[in-house]
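Worksheet for the structure shown next.
Bear in mind that the values in this text are calculations on the coordinates, not laboratory data. Nothing here was measured: the structure is a model prediction, and the numbers come from that model. So basically every Cβ, Gly included, is an ideal-geometry build from the backbone, and we count neighbours across all protein chains shown.
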Amino acid sequence: MMRWVRYLVGLISLCGLVLLAGCSQEAESNPEASEQASDTATYSPSPYRPEEVGERLVGPVVYTIDARSKEMWMYFDFSRGSVVIVDDPKTGDWDLSIRRHVIRTNGGATGPNGQVAISALEGQEFSDVTRVPDEAEFISDVRAKKRLHPYNPVVDKWYKYSYTTNVLLPKPIVYLVRTQDGKYAKMRIVSYYCKGNLSGCMTIEYVYQGDGSRTFTVPPA
């Protein structure tokens with residue numbers, strides 16, 4: 001009798017471990033297993049106000065892109081400081097496209113007529129990055145056999161997934177962006193959550209250098 005009880009206890013424990021492993025794998029493959037977050041910074045979407053900024057230094061600016069739709073891509077243009085309307089993504093003027101937690105660029109496999117690419121600087125504070133290093137390696141979107149759509153390997157895993165809270169937390173990375181107009185911006189991801197703790201509001205902080213130089217500081221007068 002005791003042997004049978006021990007067998008049942010062991011079987012239940014084993015089933016529990018299998019179930020837990022299955023849940024963990026599902027959460028890892030689907031980082032949006034939870035639509036809500038708590039104890040994270042939340043933001044309201046920024047207004048649609050595209051305006052050419054010209055050849056000047058802009059920022060730092062905090063901007064929130066409403067990427068809550070699971071079907072529609074939102075397009076952001078640094079030179080206009082706003083989300084923009086794009087009729088044809090293959091020929092339009094835009095820098096980043098965002099849908100939910102996915103960020104793509106107007107370059108490579110996503111934008112064959114674009115030149116947008118991204119480089120990552122790890123271990124540096126956003127305010128300490130004052131120029132684009134000469135050795136920075138910029139990468140545009142690529143295709144992979146196991147993925148249905150193009151992606152950018154530099155910014156693809158911008159987040160850490162918390163299994164305890166089921167939220168996406170931005171990694172402390174500064175991204176350098178070569179924009180569609182051949183200029184440069186630096187960017188960091190601040191949050192992924194909207195007011196009300198709903199997911200899909202991609203908030204970035206950025207500085208855009210409109211004069212075409214690789215510096216993010218105002219030259220001395």
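Okay, here's what the table says:
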{"read-out": "Approximate spin-label separation Lys146-Thr165, in nm, with each point projected 7 Å along Cα-to-Cβ", "value": "2.9 nm"}
{"read-out": "Shape of segment 33-209, Cα gyration tensor, a/c cut at 1.5", "value": "rounded"}
{"read-out": "Packing-based ranking, highest mean first, of 136-144, 169-177, 101-109, 181-189 given that Cβ atoms within 10 Å are counted", "value": "101-109, 181-189, 169-177, 136-144"}
{"read-out": "From phi via Karplus (6.51, -1.76, 1.60), per-residue ³J(HN,Hα) for segment 144-157 in Hz, x at Gly/Pro", "value": "9, 4, 8, 10, 6, 10, x, 8, 9, x, 6, 10, 4, 10"}
{"read-out": "Spin-label pair Asn113/Thr215, simplified geometry with 7 Å Cα→Cβ offset, distance in nm", "value": "3.5 nm"}
{"read-out": "Two-decimal log10 I(q)/I(0) for segment 69-120, as the Debye equation yields it once each C-alpha is a single scatterer, q = 0.15, 0.18, 0.25, 0.26 Å⁻¹", "value": "-0.36, -0.52, -1.00, -1.08"}
{"read-out": "Vicinal HN-Hα couplings computed from phi for segment 78-85 (Karplus, 6.51 cos²θ - 1.76 cosθ + 1.60; Hz; Gly/Pro x)", "value": "5, 5, 10, x, 6, 5, 9, 8"}
{"read-out": "Label-point separation in nm, Thr130 to Glu55, each point 7 Å along Cα→Cβ", "value": "2.4 nm"}
{"read-out": "Protection-proxy order for peptides 198-208, 112-122, 81-91, each taking the mean of Cβ atoms within 10 Å per residue, highest first", "value": "198-208, 112-122, 81-91"}
{"read-out": "Under 5 Å, built H, 5+ apart or other chain: amide partners of Met202", "value": "Ile65, Ala67"}
